[in-house]
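Engineer: Could you have a look at this structure, given as structure tokens, before my questions?
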Amino acid sequence: MAEVCGGCDYQGIPYEKQLSMKQARVKELLGDFGKVEPILGMENPNYYRNKVQHVFGRDRKGKILAGFYEAKSHRVVDVDECLIEDKKSQEIIKTIKDMLRSFKITIYDEDTGYGLLRHVLVRRGFASGEIMVVLVSASVIFPSKNNFVKALRVKHPEITTVVLNVNDKNTSMVLGERNITLYGPGFIKDTLCGCTFRISPSSFYQVNPVQTEKLYRLAVEYAKLRKEDTVIDAYCGIGTIGLVAASGAGKVIGVELNPNAVRDAKINCKENQIQNALFLQGDAGEFMSLMASRGEHADVVFMDPPRSGSTEQFMDAVALLAPSRVVYISCNPETLARDLRYMRKKGYQVEKIQPVEMFCATSHVETVVLLQRKDM
Ligand code: SAH
């Protein structure tokens with residue numbers, strides 16, 4: 001049954017019904033632009049998340065809790081079993097929770113600022129089997145950390161790396177800026193669409209790898225790449241879409257704001273022996289404007305912005321670079337609708353709209369849209 005954890009607003013609704021609700025939502029928001037293809041659902045909608053992140057807290061009696069904040073509050077709900085999160089990662093978090101008392105590790109208190117451990121994040125490469133544990137602490141001084149990691153690895157030898165992330169700010173952001181590797185390489189690798197990706201603690205990586213392969217394949221198919229094409233992968237994260245597309249293109253340029261993700265993208269490019277891609281750190285809108293002001297051209301633009309969507313600066317520059325195809329990958333149909341209206345004014349016509357299930361048990365829906373430049 002659904003927990004009161006505030007995490008999953010569609011939990012308890014039969015899966016087919018969840019899909020039809022998402023389909024209706026995308027149709028309502030994007031139906032004016034063209035036909036909405038039937039959503040690509042999941043065969044098995046359980047335990048799909050490769051990233052499990054829990055916050056620590058205490059109940060009134062002082063018992064340690066690990067789970068989520070209750071909806072619209074900062075009360076932690078203890079979650080020992082969740083239907084959408086990777087099972088192995090959940091087991092690891094349970095083990096960590098049970099070890100804290102004997103290692104005398106204190107829990108961070110948001111109100112007073114006292115205590116150490118704030119969150120735990122576990123990421124598992126579903127293809128590689130590699131597992132990363134990130135302990136988010138309010139201080140760099142973490143007592144007996146080496147013994148703690150040793151004991152954890154005895155219980156879970158499948159863990160391939162452990163990182164201490166230091167977050168000493170009074171913030172709702174989970175991760176702080178500093179990562180200290182306690183064991184292993186400090187990142188995991190995973191494989192998607194035949195490419196291998198290195199993933200650092202703070203880099204974005206899609207949470208549903210089964211569906212991500214479908215999403216990326218579709219995005220690349222929509223792009224109808226030709227061997228001479230110049231392709232931009234904007235908001236590229238660790239370079240996934242651009243690197244998957246590179247073998248069909250002339251040249252790929254990726255741009256991404258997060259420096260850690262860009263470093264991952266550059267290494268991923270080398271490790272996959274891809275010679276026709278390069279990755280740059282910066283704001284995607286500024287980068288595109290700069291390219292446009294230099295009179296450059298692109299044939300295809302992939303854009304995969306965060307939930308807030310893209311910017312007018314970015315889309316103005318797209319119109320100047322004049323790619324014939326733009327593939328917009330969106331995790332928020334509302335900002336997508338807003339941006340599509342703007343792109344339409346800029347001379348782009350929507351050709352395809354395909355919702356893709358990425359977040360079963362929640363109301364979130366991913367959508368891939370193909371835009372074609374109208375002859376002007
Ligand atoms: N395409 C990638 C990442 C998509 S998530 C993938 O499929 O894995 C969106 C990405 O946009 C994140 O990596 C985020 O760091 C980045 N981002 C957010 N704002 C940005 C901006 N203004 N310019 C460039 N990248 C940005």
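Just so it is clear, none of the values below were taken in a lab; they were calculated from the coordinates. What you see is a predicted model, and the numbers here were worked out from it, not measured in a lab. Quick reminder, even Gly has a Cβ in these numbers, built from the backbone with ideal geometry, and neighbours come from all protein chains shown.
Engineer: Which of the peptides 336-346, 291-301 is most tightly packed, and how do the rest follow, judged by the mean count of other Cβ atoms within 10 Å per residue?
Structural biologist: So the order, starting with the most tightly packed, is 336-346, 291-301.
Engineer: Between Asp9 and Lys224, how high is the FRET efficiency from 1/(1 + (r/R0)^6) when r is the Cβ-Cβ distance and R₀ = 56 Å? Nearest 0.05. Don't skip to the answer; put the middle values down first.
Structural biologist: Working: r = 37 Å, r/R0 = 0.65.
FRET efficiency, Asp9 to Lys224: 0.95.
Engineer: Over 19 Å, how big is the tail of the calculated P(r) for region 228-360, in percent of all Cα pairs?
Structural biologist: Numbers: 4183 of 8778 pairs.
Percent of Cα pairs beyond 19 Å in region 228-360: 48.
Engineer: Right, something else. Which entries of Lys27/Lys374; Lys22/Lys155; Lys22/Lys51 have Cα-Cα distances beyond 32 Å here?
Structural biologist: Lys22/Lys155
Engineer: From the residues Pro306, Ser293, Leu320, which one has its Cα farthest along the dipole of region 272-376 in the positive direction, the dipole being from +1 and -1 charges on Cβ of Lys/Arg and Asp/Glu about the Cα centre?
Structural biologist: Leu320
Engineer: If you average the C-alpha positions of region 9-57 and of region 98-144 separately, how far apart do those two centres end up, in angstrom?
Structural biologist: 30
Engineer: Right, next: Taking the Cα centre of region 51-188 as the origin and placing charges on Cβ (Lys, Arg +1; Asp, Glu -1), which of Ser144, Phe68, Ala127 is farthest toward the positive end of the dipole?
Structural biologist: Working it through, the farthest residue towards the positive pole turns out to be Ser144.
Engineer: Per the helix-only calculation at 222 nm, which mean residue ellipticity applies to the chain, given -39500 (n - 2.57) for every DSSP H run of n ≥ 4 and division by its residues, nearest 500 deg cm²/dmol?
Structural biologist: Values: 9 runs with 107 residues, N = 376.
One gets -9000 deg cm²/dmol as the mean residue ellipticity at 222 nm.
Engineer: Give the percent of DSSP beta bridges with both residues in region 51-188 that are antiparallel, rounded to the nearest 5.
Structural biologist: Among the beta bridges of region 51-188, antiparallel pairing accounts for roughly 75 percent.
Engineer: List the GluC sites (Glu not before Pro) within region 171-230 that fall in a DSSP loop (any state other than H, G, I, E or B) and whose Cβ has at most 14 other Cβ atoms within 10 Å. Display every interim value, and only then the final one.
Structural biologist: Details: sites: Glu177, Glu213, Glu221, Glu228; in loops: Glu177, Glu228.
Filter output for region 171-230: Glu177, Glu228.
Engineer: Moving on to the next point. Distance cut-off 31 Å, Cα to Cα: go down the list Lys87/Lys214; Lys17/Lys169; Lys72/Lys345; Lys97/Lys189; Lys87/Lys224; Lys17/Lys97 and report the pairs above it.
Structural biologist: Flagged as over cut-off: Lys17/Lys169; Lys72/Lys345; Lys87/Lys224; Lys17/Lys97.
Engineer: While we're on this one: With charges only on Cβ, +1 for K and R and -1 for D and E, what is the dipole size of the chain about its Cα centre, in debye, rounded to 20?
Structural biologist: Values: 50 positive and 45 negative charges, 125 e Å.
Dipole of the chain, to the nearest 20 debye: 600 debye.
Engineer: Now, a different point. List every residue whose amide H lies under 5 Å from the amide H of Val207, counting only residues 5 or more places away in sequence or on a different chain, with H placed 1.01 Å from N in the peptide plane.
Structural biologist: When sequence neighbours closer than 5 places are left aside, there are no close amide H contacts.
Engineer: With +1 on the Cβ of every Lys and Arg and -1 on the Cβ of every Asp and Glu, and nothing else charged, how large is the dipole of region 135-194 about its Cα centre, in debye rounded to the nearest 20?
Structural biologist: Computed about the Cα centre, the dipole is about 200 debye.
Engineer: Restricting attention to region 86-163, which chymotrypsin sites (Phe, Trp or Tyr not before Pro) occupy a DSSP loop and are surrounded by at most 11 other Cβ atoms within 10 Å?
Structural biologist: Listed in order of number, the matching sites are Tyr114.
Engineer: With the convex hull built on the Cα atoms of region 277-342, state its orientation-averaged projected area in nm². Kindly include the intermediate steps, with their values, before the conclusion.
Structural biologist: Working: hull surface 17.8 nm².
About 4.5 nm², averaged over all directions.
Engineer: Compute the acute angle (0 to 90°) between the alpha-carbon long axis of helix 145-155 and the principal axis of greatest extent of the alpha-carbon atoms of the chain; round to the nearest 10°.
Structural biologist: Rounded to the nearest ten degrees, it is 80.
Engineer: Hey, got the dipole for region 51-188? About the Cα centre, +1 on K and R Cβ, -1 on D and E Cβ, debye to the nearest 20?
Structural biologist: Here the size comes out at about 300 debye.
Engineer: Going from the alpha-carbon gyration tensor of the chain, what semi-axes, largest first and in whole Å, does one get by taking the root of 5 times each eigenvalue?
Structural biologist: Equivalent-ellipsoid dimensions as semi-axes: 38, 24, 18 Å.
Engineer: Same structure, new question: Between Asp80 and Glu286, 0.36 nm times their residue separation minus their Cα-Cα distance comes to what? Kindly include the intermediate steps, with their values, before the conclusion.
Structural biologist: Values: separation 206, 0.36 × 206 = 74.16 nm, distance 4.43 nm.
Result for the pair: 69.7 nm of gain on full extension.
Engineer: From the P(r) of region 155-303, could you give the percentage of C-alpha pairs in the tail past 25 Å?
Structural biologist: Pairs farther apart than 25 Å: 33 percent.
Engineer: Can you tell me the orientation of helix 209-223 relative to the chain, as the angle in degrees between its alpha-carbon axis and the longest Cα principal axis, to the nearest 10?
Structural biologist: The two axes meet at around 10 degrees.
Engineer: What order, most packed first, do the peptides 204-212, 26-34 have when packing is the mean number of other Cβ atoms within 10 Å of each residue?
Structural biologist: Highest-to-lowest ranking by the protection proxy: 204-212, 26-34.
Engineer: Of all DSSP beta bridges located in the chain, what percent are antiparallel, nearest 5?
Structural biologist: Roughly 60 percent of the beta bridges in the chain run antiparallel, per DSSP.
Engineer: Find how much the distance from Ile180 to Ser308 grows on full extension, using 0.36 nm per residue of separation minus their present alpha carbon separation; answer in nm with one decimal.
Structural biologist: 43.0 nm
Engineer: Between Gln275 and Thr196, what is the label-to-label distance in nm when each label sits 7 Å out along the Cα-to-Cβ direction?
Structural biologist: Rounded to a tenth, the inter-label distance reads 2.0 nm.
Engineer: Among 305-317, 189-201, how do they line up by average Cβ neighbours within 10 Å per residue, starting with the highest?
Structural biologist: 189-201, 305-317
Engineer: Looking only at Cα atoms, what is the convex hull volume of region 51-188 per residue, in Å³?
Structural biologist: 110
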